[in-house]
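Inspection log for the structure reproduced underneath, given as structure tokens.
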Amino acid sequence: MNPGFADPTLDAQTSFRAVLDAMAQPGRILRLHASPAQPPAGLAPAAAALLLALTDADTPVWLDAGPAAAAWGRFHAGCRIVDDPRQASFVFASGPPPSQAALAQGSAEEPHLSATLVLEVAQLAAGSGWVLRGPGIDATARLLVLGAPADFLAQRAANLAAFPCGVDTILTCGPLLAALPRTTRVEAA
């Protein structure tokens, strides 16, 4: 079994804080320094850190990284792995993700019961690419994302239409992450 965090408490807190900062400033790219040294195959360092920091025994998780990554998550975080992404609070996709419309959306009374999609992409860079608008962004932000599904922006637009319901997304690329809360409008450049 690959090790988890070197310092489980401090590293989980540091990773959780990075997610809060990323959600508060959509499109801002952050580097996680508290990633597990050897995440299991199929989980990049930032995704592995988020699995450890954001999940626990009460958290249903869907992931496509294979049985070793599922066993690693169960061992280190105690999370419950589910076969159906519609049942998951967190969906970790290192390959093509399930449709955002097929994930838990929450309800008008309980929008917090929606899923968070953690999507591994090939590249994240600031200054070009998608145009982001919404809360936490001063006018606009630019985020270059390579490796997202071709219909990702169309799914995001449909996701935004259901507000306050909908899916929040955290993009990861190796040790990097950027967040796209459901309130963020994303347009192609």
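The values are calculated or read from the model by the stated rules, or taken from the named source; none is laboratory data. Note that the structure is predicted; figures quoted are calculated from it, not measured. Positions of Cβ are backbone-derived with ideal geometry, glycine not excepted, and every protein chain shown enters the neighbour counts.
Things to note:
- From ALA108, ALA157, residue being under 18 Å from the mean Cα position of the chain (by Cα), surrounded by fewer than 21 Cβ atoms within 10 Å (Cβ to Cβ) and not hydroxyl-bearing (Ser, Thr, Tyr): ALA157
- Some residue of the range 35-43 being aliphatic (A, V, I, L, M), under 28 Å from ASP151 (Cα atoms) and surrounded by 14 or more Cβ atoms within 10 Å (Cβ to Cβ): yes
- Pairs linking a residue in the range 155-168 that is free of Cβ contacts under 8 Å to residues at least 12 places away in the same chain and in a strand (DSSP E or B) to a residue that is surrounded by fewer than 17 Cβ atoms within 10 Å (Cβ to Cβ) and of a type in the set (Val, Ile, Thr), with Cβ atoms under 9 Å and 6 or more positions apart or on different chains, do not occur.
- Some residue of the range 14-24 being within 21 Å of ARG185 (Cα to Cα), modelled with pLDDT of 95 or more and touching an Asp or Glu at 6+ places or on another chain (Cβ under 8 Å): yes
- In summary, strands (runs of 3 or more DSSP E) completely within the range 61-144 and bearing 1 or more residues that are in contact with a strand residue (DSSP E or B) (Cβ under 8 Å, 6 or more places away or on another chain), at pLDDT 95 or above and not hydrophobic (A, V, I, L, M, F, W, C) occur at 116-120, 123-133.
- Test result for ILE170, buried (at least 17 other Cβ atoms within 10 Å of the Cβ), more than 16 Å from the chain's Cα centre (by Cα) and under 26 Å from THR14 (Cβ atoms): no
- Verdict on THR14 being surrounded by fewer than 20 Cβ atoms within 10 Å (Cβ to Cβ) and touching a Lys or Arg at 6+ places or on another chain (Cβ under 8 Å): no
- Filter pass, GLY134 being in contact with a Pro (Cβ under 8 Å, 6 or more places away or on another chain) and on the phi > 0 side of the Ramachandran plot: yes
- Cβ pairs under 6 Å, 6+ apart, first in the range 13-36 and in a loop (DSSP other than H, G, I, E, B), second β-branched (Val, Ile, Thr): PRO26/ILE137; PRO26/THR184; ALA34/THR14
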